[in-house]
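Everything on this sheet refers to the single structure shown next.
The values are calculated or read from the model by the stated rules, or taken from the named source; none is laboratory data. Quick caveat, the model's predicted, so the values are computed rather than measured. Cβ atoms come from the backbone with ideal geometry, glycine included; neighbour counts cover every protein chain shown. For the accessible areas, the whole protein counts, side chains as well, though only heavy atoms, and no ligand, DNA or RNA atoms are used. Shrake-Rupley method; radii C 1.70, N 1.55, O 1.52, S 1.80 Å.
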Amino acid sequence: MTTKVRGVQSIEVASRLLSVFLDTTRPLRLRDLSEGSGLPSAQIHAYMVSFQALGMVELDLEKHLYRLGPAARELGLARMHQLDPLSLAFTGATNLARNSGFSVLVAVWGSFGPTVLYVPEGRVQLNMNTRAGTVYAVTGTATGMVFAAYLPEQTIRRAILAERRENKHRMRVGLSKPFNAVKPMLEDVRRQGYAMTVDNPIPGIAAMGSPIFDFTGQLRAVVTMIGATADFSDPVRQAALEQLTAVTSGLSHQLGFVSA
């Protein structure tokens, strides 16, 4: 029998109050805090006095509105700096491969473009040559198209020029295409939140890539699911896409990203 450890009730109540601020972007009145927490205003006022003394909350005396204070900001930033985005992404990718059965890869933007760092394999063995260190073409792969959609255009254009100079002796997966040829597709990637390729660059292989953002809105990594084209039929593809975007949006949320 597990014995429940007793906590400090006043801290739990304080947490309920602070959590109300997390559900809004505007300053709050005492009444708003009462409605959001279910606590009486008189009790809340005493907590707000202590929060102000600690710098967790600030009060606009003219408008009688409360907002989170500098101490709350510092705690949030400390939390963000303590997280390792790649470690989180690797764990998320491993779980995604295990739960979906598809192979998964995590890629970051490296010196030569989209670079694979981690590849947990799915239940089905695929005929593809992807491992840690593999570099993908920016405009010739699902992974690359996600980077092309969210990184600065100038960065992508430079990468494409470098790729096209080496096409005859290419050292990466996928054939590069001119930026203007794929530019209309990039808006679709941003709108949908993912990129997909079918039978390209490898016949018989399909892939879906989705971004991970940090608290600054910067693209930190791309997670891509890979499987046989035949296994990505419509119902399976939709379920796989939901699994993929649930992982990437969850990781982005852990890193403090707030979608517009």
### Task
Two decimals is fine: what is log10 I(q)/I(0) at q = 0.09 Å⁻¹ for the stretch 73-213, from a Debye sum with one equal scatterer on every Cα and no solvent?
-0.29
### Task
List, in order, the whole-Hz ³J(HN,Hα) value for each residue of the stretch 58-66 obtained from phi through the Karplus relation with A = 6.51, B = -1.76, C = 1.60 and θ = phi - 60°; use x for Gly and Pro.
10, 10, 7, 5, 6, 9, 6, 10, 9
### Summary
Relative contact order in percent for the stretch 198-260 (Cα pairs under 8 Å, 6+ apart) equals 37 percent
### Task
Note the full-extension length gain between L83 and S111 as 0.36 nm times their separation in residues minus their Cα-Cα distance, in nm to one decimal.
7.7 nm
### Summary
Each label sits 7 Å from Cα toward the beta-carbon; between Q125 and L18 the label points are separated, in nm, by 5.2 nm
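Any idea what the alpha-carbon Rg over 2.2 N^0.38 Å comes to for the chain? Kindly include the intermediate steps, with their values, before the conclusion.
Working: Rg = 23.3 Å, N = 260, 2.2 N^0.38 = 18.2 Å.
Dividing the Cα radius of gyration by 2.2 N^0.38 Å gives 1.28.
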### Message
Compute the distance from the alpha-carbon center of the stretch 146-216 to that of the stretch 61-129, in whole Å.
### Response
20 Å
#### Entry: Rounded to whole Hz, the Karplus (6.51, -1.76, 1.60) HN-Hα couplings of the stretch 246-259, x for glycine and proline
5, 5, 5, 5, x, 5, 4, 5, 4, 7, x, 6, 10, 6
### Query
Given the stretch 137-203 reduced to its alpha-carbon atoms as identical point scatterers, what log10 I(q)/I(0) does the Debye formula return at q = 0.11, 0.24 Å⁻¹?
-0.22, -1.04
### Task
Name the long-range amide H neighbours of G69: under 5 Å, sequence gap of 5 or more, or other chain; modelled H, no Pro or chain starts.
V57, E58
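Using Cα-Cα distances under 8 Å and only pairs 6 or more residues apart, what relative contact order does the chain have, in percent? Intermediate results must be reported in sequence, preceding the final value.
Working: 407 pairs, mean separation 37.9, N = 260.
Relative contact order, the chain: 15 percent.
Determine the percent antiparallel among the DSSP beta bridges restricted to the stretch 32-182, to the nearest 5. Could the numbers behind the result be given before it?
Details: 10 of 11 bridges.
Approximately 90 percent, going by the DSSP bridge assignments.
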## Note on the structure
Note: probe point = Cα of E35 + 7 Å toward Cβ; backbone nitrogen < 18 Å; residues of the stretch 51-72 passing the test are 64-67
### For L117, residues with placed amide H under 5 Å, excluding near neighbours
V106, A107, V108, G133
### Message
For V173, what residues show an amide H to amide H distance below 5 Å, using hydrogens built from the backbone and excluding near sequence neighbours?
### Response
V135, Y136, A137
#### Entry: Rounded accessible area of H81 (nearest 10 Å², 1.4 Å probe)
140 Å²
### Query
Can you give the angle from 0 to 90° between the axis of helix 9-21 and the longest principal axis of the chain, with both taken from C-alpha atoms, to the nearest 10?
60 degrees
### Message
Per residue of the stretch 110-116, what does 6.51 cos²θ - 1.76 cosθ + 1.60 with θ = phi - 60° give for ³J(HN,Hα)? Whole Hz please, x for Gly and Pro, Karplus curve as stated.
### Response
x, 4, 10, x, x, 10, 6
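Can you put R237, R191, R67, R158 in order of accessible area, largest first, using a 1.4 Å probe? The partial results should precede the final answer.
Values: R237 80, R191 160, R67 100, R158 135 Å².
Correct descending sequence by accessible area is R191, R158, R67, R237.
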